[in-house]
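Okay, structure first, notes after.
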Amino acid sequence: MELSPTYKVLPGIKVREVIDNADSMLIKDPLSTRAWAFQERLVPQRILSFGVVQMSWHCNGSALMECGYEPQNWKRVDINRELYHSTLKPETHQLSRGKRVGNSKPPNIYAFWRRSVVPTYTRLELTKERDRLPALSAIANEIRRITQDEYLAGIWRQDLLTSLLWTSASKEAPKPGWLPSEYRAPSWSWASIESSSITFPKNVVRDKFNIILDANCQTTGVNPTGEVSHGFIRLLCRWLPATLKVDMVSKKIPKISPGMISADASVSPEPDETHKLFGFPTPCVYLWECFPDVPLKEDQNLNAEETPTNTIQRSDLKPGANRPAISGAVSCLLLTQVGQEAFFMIVGKSRTHSGAFERLGILKAVPEDRFWEDWYGQLKVSEFLVV
């Protein structure tokens, strides 16, 4: 075959410097920090990566770099890939030992979503805030296909109660995130905030009190796992009114690159002692922890008698920004009981929907043993619309 005059191959041998395996492992691939690349690493059975220094090959059973060495920590790095394929594709997935693992039953899938997908994914960077849900839609659609479950802005209906207990915390200490510049999800979804420390309860919780009446999310397009325009949950639950006071907070503002949505891991945890709750039956409760989603602010709402009352709402401040002391009314909605722990969702009056509420955070209380049986039965029972 005759070559085209414009295409000529020069004879010779091309060589390159020998790649040092140890040094190359210290160079972080930029794609490993990007949220859009997360599902691209999980979904395929095999991956050929063109890294900063060299190419690498990954499959379910092995990994190899261009230099000829197996990456020293590939099994640790690819743990989410192994879990994805062993959980969602157990019929085709085999680990290097040749042993089939995994179980595609819904409880295992929901656990994989809460323990591995969301916490890892929310630590990654996005250029556009509104992509937080769409950049995860390939994984969500696969789970939706297997479970036939309804996807509610990053939460699954059949796993709704457990997923409502998410917190922005680090090592059991509050670590508030911050609000995106535009609406992205209802306040009860983890996707409504930016945070590098989204965590869920270790165990599945039961709807002991049968509190969930309805839940719904509307997407902006035809993709049921894409961007969300609005959503709500309707609860019929026991609750108590309280006053939340937050001391003045003065900290260094975290550095965030312009045009980059990145959860900064250097932000120190919010001091737990700055959040004080009044109105709780203190003779009955000897320990409680408050986990705010984002920095809070004080605002005024008109009650039924048209008199102004102070209420607490989410603010658009970044963690670490100087914040004045605030005090206002909140409602603590009893979601569930796990052992001797009671979990409440703290809500304040909605900024945009009259008569509705927005989530502010999670309250974990440990009542005295001798008070517990009768304590929650004495709480008020009301219907709440949380948006």
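Worth a mention:
- Number of residues in the range 303-335 that are outside any loop (DSSP other than H, G, I, E, B), under 24 Å from Ser163 (Cβ atoms) and at pLDDT below 90 equals 0.
- The residues on offer are Pro134, Pro119, and the sole one that is over 12 Å from the mean Cα position of the chain (by Cα), surrounded by fewer than 22 Cβ atoms within 10 Å (Cβ to Cβ) and in the same structural domain as Asp29 (by TED's automatic domain parsing) is Pro134.
- Strands (runs of 3 or more DSSP E) contained entirely in the range 185-289, each with at least 1 residues that are modelled with pLDDT under 90: 228-246, 275-278
- Meets criteria (surrounded by fewer than 20 Cβ atoms within 10 Å (Cβ to Cβ) and more than 29 Å from Val381 (Cβ to Cβ)) for Ser195: no
- Evaluated against (1) within 24 Å of Leu88 (Cα to Cα); (2) within 13 Å of the chain's Cα centre (by Cα), Ser170 falls short on exactly one condition, (1).
- Taken over the range 149-174, the criterion of being touching a helix residue (DSSP H, G or I) at 6+ places or on another chain (Cβ under 9 Å) and surrounded by fewer than 21 Cβ atoms within 10 Å (Cβ to Cβ) is satisfied by Asp149, Glu150, Gln158, Ala173.
- Of the numbered criteria (1) within 26 Å of Lys202 (Cα to Cα); (2) at pLDDT 75 or above, the one Trp375 fails is (2).
The values are calculated or read from the model by the stated rules, or taken from the named source; none is laboratory data. Computed from a prediction, not measured in an experiment: that's the story for all the values here. In this analysis, Cβ positions are derived from the backbone assuming ideal geometry, glycine residues included, and neighbour counts consider all displayed protein chains.
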